[in-house]
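This report concerns only the one structure given below.
Rule-based calculations on the coordinates, nothing more; no lab input. Remember, predicted model here, so these are calculated numbers, not experimental data. Virtual Cβ from ideal backbone geometry, glycine too; neighbours counted across all protein chains shown.
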Amino acid sequence: MTAAAAKVAKPTVTILAAISKAYHDAMAEDPKVITLGEDLADPEGGGIAKITKGLSTAFGDDRVRSTPISEQAIMGAAIGASLAGYKPVAEIMLMNFTTVAMDMITNHAAKLRFMSGGQTSVPIVIRTMTGLGFGSGGQHCDYLEAWFAHTAGIKVVTASTPEDAYGLLRSAIDDPDPVLFIENLPTYFAPLAMELPDSSHRVPLGKAAVQVEGSDVTIVTYGRMALESRQAAAKAAEQGVSVEVIDLRTIAPWDKDTVLASAAKTGRVLIVHEAVKQHGVGAEIASVINEELFGQLKRPVKRLGGTYCPVPYSKPLESAFAPNAEGILAAIVDLAR
Amino acid sequence: MASAQFVADSEVLLDVYRRAALLKANDERARKVILSGQIAMVYYSYRGQEIIPSVMGHVLRDDDTLCTIYRGIHDMLGKGFPLRELWAELAGRTTGSCKGKGGPMHLTYPAKGIMVTTGIVGSSAPIANGLAWATQLDKADRVSVCTFGDGASNIGAVHEAMNLASVWKLPTIFVCQNNLFAEHTTFEKMTGGGDISKRAEGYGMPGVRVDGNDPAAMYSAFSEAVARARAGEGPTLLECMTFRFFGHNFGDDDSYIPPAQKAAAMAADPVPQLRARLIADRIATEEELAAMEADIEAQIDDALAFALASPWPEPDALRFDVFEQEIAA
C-alpha cells in the first residue's frame, strides 16, 4: 500500500459509535428490548458517554428510563422485566459500581434459570464501562471480569474493534441468558474501523478472533490489551518474530478450541489482561493450556496483568500499573528466545 | 387506616380459611416429615403467619406475580402452588417444580405467577419492580407483590426498590410480614422508629400497618393496595403484624423468644380463631370444615407419596439449565 492510499483509508469509526448503533438497531427491530440506567435518557443527556443519546426520544420514556443512583434497584428491575418476557439492557455506569449490585447479578440474574429448573430465564445485558487512563484512581476503573467469569450462569464479553463491539452487543441482546458487556472507556473514542456494520452483523458469543496470524508466539488477550498486543505484534514482526494475536471477545465461556489450536501451533503462549494478574482470567487459560498441551509447549505459559495493588492515581504510577505494548513486546522477545 | 371500601363477606372468609387451613396443615406436616427423617431439608416455619398469604391468594389473580423469600411456602401455597410439585421439590426429585435444582428456598411456579423465591433477605423487592415495569409496558393491570420480613426492612435493597417504585409509579405492593423477629433478634431492638409502615411516607407512597392475623382487616388493606396498583396509582407498603410461632429455621433453639410472648401468640392462633368464627357466624358447619380439613390432609398425603416415589436426578442434570444451551459433557 502506498503512503497516499494509506491516508485515504484512514479509519473514522469508533467503538462508541458502533455500540450506539447496535443499541438503536436492536431497539428499532424488537419492541421487547428496553433499557435503564443512571442518566441515560435524553433529558439527562443520553448517558455520560452519550452512548444512549437519542434512544428515549426515538423509543419513548417507557422503554428508555433514567433511574435513581440505585444499582440494586436497576439490576432488580432488569431481572424482573426479563422474567416477564422483556430483553432489558441495564447500564451500570462503571464496573466498580457492579459491586453494589453483586447480589442481584450473581445470586439472581446468573442463577434463576438453574434454581427454577429452567422454568424462568434472565435474558438481560449488563453494559458497564471501565479501564484506566483517565486518572480516576482506585474505584472507577477496575477490571473485575474474573469475578463474573467465576460465576456459573452469566456470560462475559468485551470488544476491541467497532465491528466486534456491534456484533457482540447484538448477540448479547439476542442471547437467552444474562451477559455482562464490558466497555473500555479510554478506547471508546479511537477511530478503528472504516465503516459502521450493517444491522445484520453478529459476532457469535463464545468465539474468539484471530486478529493477527503468526507462527512463533500466541498472545491471548481481550479489551484494550488486544490493541496493545496488536501494536506489539507489529513491532515483533519487524524483529523477525511472528506473533498470533487472539482476542477472546467472550471471556466466559471462552473459546478453548481456537486458543488450544494456536498454542499447539506455536508452543509459546503469552496471556495479557489489564485486570490484576493474581487469580485473574489468565490463570484459568494458562491452566487449561497446561492440562491439554503439556508435552507440546516449548516454553512455560507466560502471563502479564495488572499489578497487585489498587489502581493508582498519579500518572507514572497509573502507567506502571498495567501492561503496555512495550512490555508485551519484551515478553514476546523473551518467549521467542 | 384500613378502608371500609373492601369488606370481607362470608364467601371471602370461607376461602381465606380454606387456604389458611392448607397452609397450617402443610407446615405441620413439613415439620413432622423432617423429624421422621423422610426428607432432610432446610425449613423456615411460617406457622402463625397464615392469614396474610391466604388473603393475598384470595385477592390476587394467577397472572399477578409474586416474589417471595425463604420463609415463603405459605405465600406460594396461598397463591396456588400445586402440592405435588411442591413436595417433590422439597424432596429434591426430578418431578419437583424446579427438578430438584432449587429446593425449599428457590421454589418457582410461573403458571401461578410465583416468579422468584430468594434466600437473600430483601432481594424480592428490586425484582418485583421489574415485573411491575413489564405490566406498565404491556399496558396491563397486573400487580407485582413482593413479600419480606421485618428484618428485611433494614436492608438497602428494599429501600432502593421502594424509592424506584415510587418515582416510576409502579404497581408494586411491598408486603412486610412483621413477625417481630429478624432471625433471632427482636423487632424493637434493631428497627429504628418502631413502625415500618411509616417509612413509606418518606418515599411518597401510602404505608399501612395492619393486623395481619385479622382476616377482615387484612382483606380490606390488601384489596385497597391492589386496587390502587391496578388503577395505575402506584405502590403501597403494607406492614402486616403477625407472629412466628417457632424459631428462625426448624431445629434452632428458639429460647430467644420470650416464653410468655410465645404462649400468648399461640393462644391467639389466627387459624383456629377464624375457624371458630366461621362456625359461630354460621358461615360453615363443624362437619363441613372437618371434611375440608380431611381433604387437605389427603391431598398432602398424596403429594408426599408422589414426592417420595419420584426419581432422584442424575448427576448429568448439572449440565442443564445453567444456560439455555447445555454445558458440554
The alpha-carbon center of segment B:1-46 and that of segment B:279-329 are separated, in whole Å, by 14
Whole-Hz ³J(HN,Hα) for each residue in segment B:94-104, computed from phi via Karplus 6.51 cos²θ - 1.76 cosθ + 1.60 with θ = phi - 60°, x for glycine and proline: what do you get? 5, 7, x, 4, 10, 6, x, 8, x, x, x
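In debye, nearest 20, what is the charge dipole magnitude of chain B about its Cα centre with +1 on Lys and Arg Cβ and -1 on Asp and Glu Cβ, if you could check?
460
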Pop a pseudo-label 7 angstrom from the Cα along the beta-carbon direction at both B:Thr186 and A:Gln239 and give the gap in nm to one decimal. 7.3
Please compute, for peptide B:14-23, the average count of beta-carbon atoms on other protein chains lying within 10 Å of each residue's beta-carbon. 0
Loop-only GluC sites (Glu not before Pro) in segment A:1-103, please: DSSP not H, G, I, E or B, and at most 12 other Cβ atoms within 10 Å. none
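Show me A:10-23, B:186-199, A:127-140 ranked by packing, highest mean number of other Cβ atoms within 10 Å first.
A:10-23, A:127-140, B:186-199
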In a shell of Cβ-Cβ distance under 12 Å around A:Lys111, excluding A:Lys111 itself, what net charge do Lys and Arg (+1) and Asp and Glu (-1) give? -1
Using the charge dipole of the protein assembly as shown (Lys, Arg: +1 at Cβ; Asp, Glu: -1 at Cβ; taken about the Cα centre), state which of A:Val269, B:Ile52, B:Pro82 has its Cα farthest towards the positive end. A:Val269
Largest fluctuation, B:Gly212, B:Gly100, B:Gly37 only, Gaussian network model of chain B with Cα springs under 10 angstrom, belongs to B:Gly37
Under the definition of Cα pairs under 8 Å and six or more residues apart, what whole-number percent is the relative contact order of segment A:67-161? 31
Beyond 31 Å, the calculated P(r) of the protein assembly as shown holds a percent of Cα-Cα pairs equal to 57
Quick one: Kirkwood hydrodynamic radius for chain B, alpha-carbon pairs, angstrom, one decimal? 20.2
Below 14 angstrom from the Cβ of B:Arg84, what's the summed charge of the other residues (Lys, Arg +1; Asp, Glu -1)? 0
Could you check what % of the DSSP bridge pairs in segment A:9-193 are antiparallel, to the nearest 5? 10
Kindly flag which residue pairs out of A:Lys21/A:Lys207; A:Lys256/A:Lys302; A:Lys50/A:Lys235 have an alpha-carbon separation exceeding 25 Å in this structure. A:Lys50/A:Lys235
Nearest-0.05 FRET efficiency for B:Glu326 and B:Met41 at R0 = 30 Å, using Cβ-Cβ distance, is 0.65
For a test of understanding, tell me how many lysine pairs in segment B:10-307 have Cα atoms under 18 Å apart, given they are 8 or more places apart or on different chains. 8
Given the -39500 (n - 2.57) contribution per DSSP H run of 4+ residues, what per-residue ellipticity at 222 nm results for chain B, rounded to the nearest 500 deg cm²/dmol? -13500 deg cm²/dmol
Counting only other chains, and only Cβ atoms inside 10 Å, what mean value do you get across the residues of A:85-92? 2
Cα-projected label distance for A:Ser215 with B:Asp281, points at 7 Å along beta-carbon direction, nm: 9.0
Hey, can you rank A:289-302, B:165-178, A:104-117 by average C-beta count inside 10 Å, highest first? B:165-178, A:104-117, A:289-302
Dipole of the protein assembly as shown, Cα-centred, from +1 at each Lys and Arg C-beta and -1 at each Asp and Glu C-beta, to the nearest 20 debye? 1420
If packing is taken as the average count of other Cβ atoms within 10 Å, what order do B:21-30, B:73-82 fall into, highest mean first? B:73-82, B:21-30
Note the per residue figure in Å³ for the convex hull of the C-alpha positions in chain A. 141
Antiparallel DSSP bridges in chain B: what percent, to the nearest 5? 10
Residue mean of other protein chain beta carbons inside 10 Å, A:107-114: 6
Once the dipole of segment A:216-337 is set up from charges on Cβ (+1 Lys and Arg, -1 Asp and Glu), the residue from the list A:Ile251, A:Gly327, A:Leu227 lying farthest towards its positive end is A:Gly327
How far is it, in nm, from the label point at A:Gln231 to the one at A:Thr12 when both lie 7 Å from their Cα along the line to the Cβ? 2.5
Percent antiparallel among DSSP beta bridges with both residues in the protein assembly as shown, to the nearest 5? 15
Estimate the FRET efficiency between A:Leu317 and A:Gln296 by the formula 1/(1 + (r/R0)^6), using the beta-carbon distance for r and 60 Å for R0, to the nearest 0.05. 0.95
